[in-house]
Amino acid sequence: MAIFPIRTFGDPVLRSSAAAVQVIDESIERLVQDMLETMYAAPGVGLAAPQIGVLKSVAVFDVGEGPNVLINPKIVETSGEWTFDEGCLSVPERYWPISRPGWARARGLNLDGEDVEYEGDELLGRVLQHELDHLQGILLIERLETRVRKAALRDLRNEGLGLLQ
Ligand code: ZN
């Protein structure tokens with residue numbers, strides 16, 4: 001197992017879509033272990049593979065009930081709306097109020113290749129939506145209202161982040 005550096009805003013890997021995992025083999029098991037270790041070390045409640053530079057559709061999360069993994073996940077149902085001060089390990093130490101569905105259900109595979117589902121509101125619902133966004137190359141900044149997003153991008157650039165964008 002290893003702790004990987006977390007890619008930050010401006011790294012093009014964060015803007016790229018992750019590829020579906022075709023075979024769940026030892027390399028995927030190792031990737032999941034590395035992602036969990038990196039997430040706990042950060043510390044964070046969720047991590048997507050692109051955040052450590054791996055464009056594979058794998059996400060891990062732990063909202064206080066133990067480690068979970070989702071391979072090739074999709075959001076299959078959402079409802080409601082909830083505004084929450086959201087942060088991201090790839091845009092460290094910044095939080096913005098972001099409105100998303102309050103409840104979400106995600107479906108994917110576990111490490112045994114079995115279908116699994118997670119659903120929840122509050123933090124779990126938020127983490128599922130946030131991490132699955134990463135797998136499509138979407139950062140939380142893109143979920144901000146236009147005016148807030150422009151100000152956020154300006155601030156980040158002023159601090160020398162996101163120069164590649
Ligand atoms: Zn994130």
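The values are calculated or read from the model by the stated rules, or taken from the named source; none is laboratory data. Worth saying up front: this structure is predicted, and the values here are computed from it rather than measured. All Cβ positions, even for glycine, are placed from backbone atoms using ideal geometry, and neighbour counts span all protein chains on display. When the accessible area is computed, the model is the full protein with side chains, heavy atoms only, and any ligands, DNA or RNA have been set aside. Shrake-Rupley method; radii C 1.70, N 1.55, O 1.52, S 1.80 Å.
With respect to residue 148, determine if the residue is under 22 Å from residue 63 (Cα atoms), β-branched (Val, Ile, Thr), over 14 Å from the mean Cα position of the chain (by Cα) and more than 16 Å from the ligand (Cβ to nearest atom). Spelling it out, it is not the case that residue 148 is under 22 Å from residue 63 (Cα atoms), β-branched (Val, Ile, Thr), over 14 Å from the mean Cα position of the chain (by Cα) and more than 16 Å from the ligand (Cβ to nearest atom).
Might you check whether a residue that is of a type in the set (Phe, Trp, Tyr), under 13 Å from the mean Cα position of the chain (by Cα) and within 16 Å of the ligand (Cβ to nearest atom) occurs anywhere in segment 76-98? Within segment 76-98, not a single residue is of a type in the set (Phe, Trp, Tyr), under 13 Å from the mean Cα position of the chain (by Cα) and within 16 Å of the ligand (Cβ to nearest atom). Scanning segment 76-113 for residues that are out of contact with any Gly (no Cβ under 6 Å at 6 or more places or on another chain), assigned to a strand (DSSP E or B), buried (at least 16 other Cβ atoms within 10 Å of the Cβ) and not basic (Lys, Arg) yields 78, 84, 86, 87, 88, 91, 96, 98, 106, 108, 109.
Selection of first residues in segment 53-73 that are touching a residue at least 12 places away in the same chain (Cβ under 8 Å) and of second residues that are in a loop (DSSP other than H, G, I, E, B) and charged (D, E, K, R), restricted to Cβ pairs under 9 Å at least 6 apart or on distinct chains, gives the following pairs, ordered by first then second residue: 53/7; 53/11; 68/62. Can you tell me which residue in segment 28-75 is nearest to residue 102 (Cα to Cα), limited to those that are of a type in the set (S, T, N, Q) and within 14 Å of the ligand (Cβ to nearest atom)? Among residues in segment 28-75 that are of a type in the set (S, T, N, Q) and within 14 Å of the ligand (Cβ to nearest atom), the one nearest to residue 102 (Cα to Cα) is 51. Residue 120 meets each of the listed conditions (1) within 16 Å of the ligand (Cβ to nearest atom); (2) assigned to a strand (DSSP E or B); (3) open to solvent by less than 40 Å² (accessible area, probe 1.4 Å) apart from (1).
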